[in-house]
Structure formats: structure tokens, C-alpha cells
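Only the coordinates and a few stated rules stand behind these numbers; no lab work does. What you are looking at is a predicted structure, and each value in this text was computed from that prediction instead of being measured. When we count neighbours, we look across all protein chains shown, and the Cβ atoms used for this are built from the backbone with ideal geometry, even at glycine.
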Amino acid sequence: MTTTPAIPALDAAERLRHAGLRVTDSRRAVVAALGERPHASADELFAIVARSVPGTSLQSVYNALGDFVDAGLVRRIEPAGRPGLFELRVDDNHHHLICSQCGAVQDVDCVVGAAPCLTPSDAHGYALQAAEVTFWGVCPDCAAASAPSRADHEPAHLSRKEAP
Ligand SMILES: [Zn+2]
Ligand SMILES: [Zn+2]
């Protein structure tokens, strides 16, 4: 539904500078990869970055992501039972819809806008900062793939698994 346009390399350098971070090739490549692939894991980002900056190590991608999160350039979300996912959309209080079958992640705007958008029945004296909402469900692709009406002509990726 939302197709975020790829972030050009120059923009990536600018984002780093605005966040007060030193611009390096691998950092720039990680930001650009995040522009292409919002909600990617560190491993997925490493696979993208390794193509444009071949000398990059997985550890340096982890380090860059840690620095980005600390600097407020990147948000890390940690859906239960999944690797941490990273995104550049840090300037609002949005939530996520996650497919419990394929793991596809979709941004959803917060209906309230500001954090915290939910209040607990009893805050126990805590000063509330945020309420992170993760909606779990089955995405349209997975729902279509498992629909009984499709059983007679299964998608290629399902029939491949059963091939000898
Ligand atoms: Zn799915
Ligand atoms: Zn998001």
C-alpha cells in the first residue's frame, strides 16, 4: 500500500549530518538501504549494503544501526518473536500491522497522533512516555494463498515445496 521511494545517496548523507553523525560509505549505504526497505532487520540491511559497499561487515551494520537509534535517526521496533526491525520514519507516533504468517510489516497511522495514544487502566504512578501498538493478523496475500477456493490452483511458491 505504501511504497516509500528509495532515498538517494545524497539524502542519506544529509540525514547523517543532520543527526550529527560522521558520514562514511557504509553508514550512508545503511541509510539508503533503509530508504529502500523500511522495517528491515539488520541481516536484511547487511545483504543490501554488502552489494554497494563490499567491504562492509555485519558487525559494522549493527554498529551503524545502534548509532542511528541513539541519534534518533532510526527507530527500532521489536515485534515479539522477530528480529529487531529498523525504519527511518521517526517523526510520528505510528503503529505497525504485522502478518503472523509471512512477517510483512505495514505502517499504520496513529488515530490519536501523539504519544502515548493509549492509557493503561492504572498507571501505577508511572510517567507515561509511549504506547507501542502492534496489530497482528494475516495479510491479504497470505489470506489469498490459504483460501480454500485457491486450492485447485496453488501459487507457485506453495507447490514448489511439495515437488520432489
Ligand atoms: Zn503474510
Ligand atoms: Zn513503521
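In plain terms, the bigger the Kirkwood radius, the slower the diffusion; for the stretch 11-77, with that radius from Cα pairs, at 25 °C and 0.890 mPa s, Stokes-Einstein puts D at 213 µm²/s.
Which peptide among 132-142, 26-36, 57-67, 110-120 comes first, and what is the full order, when sorted by highest mean count of other Cβ atoms within 10 Å?
The most tightly packed comes first, giving 26-36, 57-67, 132-142, 110-120.
Each Lys or Arg adds one and each Asp or Glu subtracts one; over the other residues with Cβ under 12 Å from the Cβ of Arg28, this totals +1.
How much net charge surrounds Thr56 when only the other residues with a Cβ under 14 Å from the Cβ of Thr56 are counted, with Lys and Arg +1 and Asp and Glu -1? If you can, show how the numbers build up before the last one.
Working: positive: Arg27, Arg28, Arg51; negative: Asp25, Asp43, Glu44.
Overall, the nearby charge balance is 0.
Look at the alpha carbon pairs under 8 Å that are at least 6 residues apart: their mean separation over the length of the stretch 11-77 gives a relative contact order of 32 percent. Over all projection directions, the Cα-based convex hull of the stretch 92-146 averages an area of 4.8 nm².
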